[in-house]
Amino acid sequence: VSRITLLTDFGTRDGYVGAMKGVMSSIFPGVIVDDVSHDVPPGDIRGAALTLSRYWRLYPPGTVHLAVVDPGVGTERAALAAEADRRFFVAPDNGVLSRVHDACPEMRFVRIQNPQFMSAEPSRTFHGRDVFAPVAGHLALGAHHSRHGPGVGGVVRVDEPSAAWAEAALVGEVVSLDRFGNLVTNLPGTSVGGDYEVEIGGKTIPVVGTYGEVPADSVGAVVNSDGRVEVAARERSAADLLSAGVGTRVSLRKTFPS
Amino acid sequence: VSRITLLTDFGTRDGYVGAMKGVMSSIFPGVIVDDVSHDVPPGDIRGAALTLSRYWRLYPPGTVHLAVVDPGVGTERAALAAEADRRFFVAPDNGVLSRVHDACPEMRFVRIQNPQFMSAEPSRTFHGRDVFAPVAGHLALGAHHSRHGPGVGGVVRVDEPSAAWAEAALVGEVVSLDRFGNLVTNLPGTSVGGDYEVEIGGKTIPVVGTYGEVPADSVGAVVNSDGRVEVAARERSAADLLSAGVGTRVSLRKTFPS
Amino acid sequence: VSRITLLTDFGTRDGYVGAMKGVMSSIFPGVIVDDVSHDVPPGDIRGAALTLSRYWRLYPPGTVHLAVVDPGVGTERAALAAEADRRFFVAPDNGVLSRVHDACPEMRFVRIQNPQFMSAEPSRTFHGRDVFAPVAGHLALGAHHSRHGPGVGGVVRVDEPSAAWAEAALVGEVVSLDRFGNLVTNLPGTSVGGDYEVEIGGKTIPVVGTYGEVPADSVGAVVNSDGRVEVAARERSAADLLSAGVGTRVSLRKTFPS
């Protein structure tokens with residue numbers, strides 16, 4: 001156990017991430033900290049939950065995943081330490097762990113309370129430094145997660161909207177935009193077998209195998225690396241081309257034989 | 001001694017940070033380099049000095065902190081190696097170490113001159129790669145900072161404006177905006193005991209305990225994790241909401257019993 | 001062999017870089033991954049090739065340099081593992097390695113084909129995670145690059161435009177803008193001896209020694225840390241000041257004795 005990953009909405013410029021890394025290095029001088037991102041949009045718990053879903057299980061067992069997107073810092077919201085499939089998690093209890101929990105329903109949670117593993121006088125505005133980083137450092141050192149506090153049953157969740165059948169179409173929506181302007185939907189890629197087409201913003205678009213097969217100056221749908229239907233343009237932003245964004249309705253239907 | 005932190009205004013896209021990391025890895029193959037930030041606004045020495053103040057002492061003794069915000073590269077400005085409370089520093093002599101020096105007046109400085117610890121033919125435009133990174137690598141390897149050159153007494157400083165009492169109010173100003181649009185001031189949080197209120201931009205705002213207690217659609221003041229008075233809005237930018245920025249006047253006064 | 005550097009156009013926010021790092025950590029738990037940049041403009045192969053040229057050789061022999069700017073993912077473009085001067089490379093065959101190849105013509109390439117070193121079922125949209133990261137992890141562990149597939153002779157290249165003499169001037173162009181708005185040209189700095197001046201956008205500007213010697217409110221040319229002629233303004237963006245960008249014509253000529 002010697003690697004901690006770090007996901008925040010702090011940016012890097014102000015030194016808050018540096019403060020967290022310093023705390024972890026003081027507790028565990030040899031620890032390796034992998035930056036995942038500090039560019040989560042401020043307060044975007046839902047986005048951070050999706051981001052976390054893309055990497056947590058690819059890291060080896062024993063890894064500590066720290067996720068601090070925490071608009072409720074210093075209020076009554078709980079702080080959590082958790083374990084899922086032998087990876088460890090430290091995060092506020094605000095739903096940021098929901099996608100991990102979906103993938104691993106047997107996930108176990110404790111409410112962080114043990115003062116032994118946090119700063120002597122935690123501030124009310126920066127639990128990243130005063131609560132979460134020290135707990136992550138101690139988890140990486142080998143302190144069992146149950147030592148951080150009592151187990152809790154229910155945790156706060158943010159749920160994704162569900163796709164649903166309406167007539168002959170599976171109707172969902174855009175749940176995320178990636179850096180390229182690709183539109184990630186809640187339509188499962190497993191629905192796409194045989195001849196399907198996607199409708200978005202009144203446009204019917206083809207399902208293709210990869211980004212390079214999207215017709216030039218147009219858009220297409222691919223099954224992305226999450227196993228979801230994703231709408232992409234050729235070497236530009238599909239979000240811009242379609243004036244689409246999070247919440248835009250997207251549907252999937254079988255093509256009619258012509 | 002095996003960890004170097006890195007703070008620059010280089011961005012990452014151009015590969016200049018990669019060049020510095022490569023130099024440090026060649027000198028010390030097992031070194032761990034922690035990125036603090038490469039997003040300091042170009043040439044913002046004052047901002048970098050504040051950022052550095054937030055993490056340097058949280059790292060364990062022996063850490064080397066490298067800070068390269070260096071608009072004067074290649075001119076007569078000196079290059080410094082320094083020691084404060086058993087942490088080491090490498091930086092241009094332009095004030096970027098001023099907040100560390102404030103916190104640790106017994107800090108010691110040497111002027112980097114020993115050609116043994118720099119590139120054979122340093123460029124005049126990239127001392128990050130040719131001077132600062134090699135010195136940091138050798139400090140991390142264990143070369144005593146005094147081996148890098150002669151001690152110097154005076155160094156260049158950038159000072160923060162001071163808050164001052166005027167009538168019954170402590171009057172200061174905004175000294176920094178963080179990523180969330182929170183307005184960090186030079187008013188010490190220790191001034192806030194009992195019933196105080198803050199005035200900024202003609203508005204009187206309450207002092208609250210944490211961000212989540214700021215009234216919705218409004219602004220409030222908190223004592224932030226630096227121990228300073230900070231003005232924040234609820235899940236949005238106080239800077240935008242108040243049209244305020246660095247230099248905006250902020251004052252603190254006792255509330256009148258009503 | 002234990003360090004991998006990472007250059008992508010993925011941004012960090014979506015977790016794709018986290019996924020790659022997770023894969024590498026699972027293959028080689030102690031590996032150190034150095035982020036070079038994830039801010040390459042989407043699909044900018046030429047820019048990434050220049051960035052890579054600035055750091056690859058400064059890292060020690062044995063380093064694995066992973067560069068994933070891959071608009072052709074999932075199409076017929078090959079994936080490459082390569083070796084140059086005892087550093088290793090993993091990248092799509094799209095020209096991103098061209099500047100390394102220029103500097104080291106004896107560079108050797110193999111086409112990645114060995115399924116033993118990639119994911120069981122690679123997606124068609126994210127070879128960074130499913131092909132490139134596993135190969136990089138195994139190279140760092142010590143698998144010889146020739147084990148990843150058959151050698152290839154020709155690879156795809158992106159070439160820089162060449163500077164050429166026209167009358168008494170060496171005529172080139174801007175090939176890159178850096179974060180500071182400095183204009184990097186294809187004019188070799190070795191051409192600048194004695195008294196030279198640079199013409200750009202109808203303006204004649206002096207050649208100076210470093211950024212701090214550029215006249216205030218004006219622009220000047222320096223020989224930059226790549227050994228190229230670069231046009232810079234004093235503490236602001238030369239690109240903005242001159243309305244210049246990639247492709248802008250720049251020429252160098254001897255000053256006339258007056």
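Coordinate-derived values only; no laboratory data. Please read these numbers as outputs of a predicted model, since none were measured by experiment. Please note: Cβ atoms are built from the backbone with ideal geometry, for glycine as well, and neighbour counts cover all protein chains shown.
With N counted as the residues of the protein assembly as shown, its alpha-carbon radius of gyration over 2.2 N^0.38 Å works out to 0.98. Label point of residue C:243 (7 Å along Cα→beta-carbon): distances to the other copies' equivalent points are 3.0, 3.1 nm, sorted ascending.
Calculate how many DSSP beta bridges within chain A are antiparallel, expressed in % of all such bridges and rounded to the nearest 5. If I count the DSSP bridges inside chain A, around 75 percent turn out antiparallel. For residue C:160, no residue 5 or more places off, or on another chain, has a built amide H under 5 Å of its own. Label sites at residue C:246 and residue B:152, each approximated as a point 7 angstrom past Cα along Cα to Cβ, lie 3.9 nm apart.
Peptide A:37-48 shows a mean partner chain C-beta count of 4 within 10 Å per residue C-beta.
Peptide C:222-232: average number of partner chain Cβ atoms within 10 Å per residue?
Neighbouring Cβ atoms belonging to other protein chains average 3 per residue here.
If you wrap the stretch B:38-151's Cα atoms in a convex hull and average its projection over all directions, what's the area in nm²? With the hull built on Cα positions only, its mean projection is 6.5 nm². Dipole size of the stretch C:10-96 about its Cα centre, with +1 on Lys/Arg Cβ and -1 on Asp/Glu Cβ: approximately 200 debye, rounded to the nearest 20. Put simply, the stretch A:166-258 fits an ellipsoid with semi-axes of 18, 14, 12 Å; these come from the alpha carbon gyration tensor as the roots of five times its eigenvalues, largest first. For residue B:156, inter-copy separations between label points set 7 Å beyond Cα along the Cβ vector come to 4.6, 4.6 nm, shortest first. Taking the helices alone, the protein assembly as shown has a mean residue ellipticity at 222 nm of -4500 deg cm²/dmol, built from -39,500 (n - 2.57) per DSSP H run of at least 4 residues and averaged over all its residues. Roughly how many whole Å is it from the C-alpha centroid of the stretch B:212-248 to that of the stretch A:126-169? So the separation of the two Cα centres works out to 28 Å. Backbone N atoms of the stretch C:142-175 closer than 16 Å to the 7 Å Cα→Cβ label point of residue C:111 belong to residues C:146-157. The mean count of C-beta atoms from other chains within 10 Å of the C-beta of residues in A:89-99, rounded to a whole number, is 0.
Taking N as the residue count of the stretch A:47-99, its C-alpha radius of gyration divided by 2.2 N^0.38 Å amounts to 1.11.
Annotation: amide H-H contacts under 5 Å for residue A:80 (H modelled 1.01 Å from N, sequence separation of 5 or more, or interchain): A:91, A:93, A:112. A cut-off of 5 Å between modelled amide H atoms, ignoring neighbours fewer than 5 places along the same chain, links residue C:187 with C:173, C:229. Over the protein assembly as shown, what is the percentage of antiparallel beta bridges among all DSSP beta bridges, to the nearest 5? Here the share of antiparallel DSSP bridges comes out near 75 percent. Across the options A:141, A:180, A:200, the greatest Cα extent toward the positive end of the charge dipole of the stretch A:107-224 (unit charges at beta carbon of Lys, Arg, Asp, Glu) belongs to A:141.
Distances between equivalent label points of residue C:111 across the copies, with each point positioned 7 Å along Cα→Cβ, amount to 6.1, 6.1 nm, shortest listed first. The relative contact order of the stretch B:62-168, computed from alpha carbon pairs under 8 Å that lie at least 6 residues apart in sequence, is 32 percent.
Treating only the Cα positions of the stretch B:181-222 as identical point scatterers, give the base-10 log of I(q)/I(0) from the Debye formula at each q in 0.21, 0.23 Å⁻¹. Taking Cα atoms of the stretch B:181-222 as identical point scatterers yields -0.71, -0.86. With all projection directions averaged, the alpha carbon convex hull of chain B covers 15.4 nm².
Across the stretch B:56-63, coupling constants 3J(HN,Hα) worked out from phi with the 6.51/-1.76/1.60 Karplus curve, θ = phi - 60°, read 4, 8, 6, 6, x, x, x, 5 Hz, and Gly and Pro carry x.
The antiparallel fraction among DSSP beta bridges confined to the stretch C:56-149 stands at about 75%. The C-alpha atoms of chain A define a longest principal axis, and helix A:16-27 lies at about 50 degrees to it. So, in Å, what gap is there between the alpha-carbon centers of the stretch A:59-100 and the stretch B:15-60? What the calculation gives is 27 Å, centre to centre. Evaluating 6.51 cos²θ - 1.76 cosθ + 1.60 at θ = phi - 60° for every residue in the stretch A:123-135, the Karplus couplings come out as 5, 9, 10, 9, 6, x, 7, 9, 10, 5, 5, x, 5 Hz, glycine and proline recorded as x. For the stretch C:166-205, a crude dipole built from +1 on the beta carbon of Lys and Arg and -1 on the beta carbon of Asp and Glu, taken about the Cα centre, is about 180 debye to the nearest 20. In this simple spin-label model, placing a label point 7 Å from the Cα along the Cα-to-Cβ direction at both residue A:162 and residue B:217 gives a separation of 3.5 nm. If you filter the stretch C:79-182 for GluC sites (Glu not before Pro), then keep DSSP loop positions with at most 13 other Cβ within 10 Å, what is left? The qualifying sites are C:106, C:167. Taking θ as phi - 60° and the Karplus parameters 6.51, -1.76 and 1.60, the scalar couplings of the stretch B:86-100 work out to 6, 9, 10, 9, 9, 6, x, 7, 9, x, 5, 8, 4, 6, 5 Hz in sequence order, x denoting glycine and proline.
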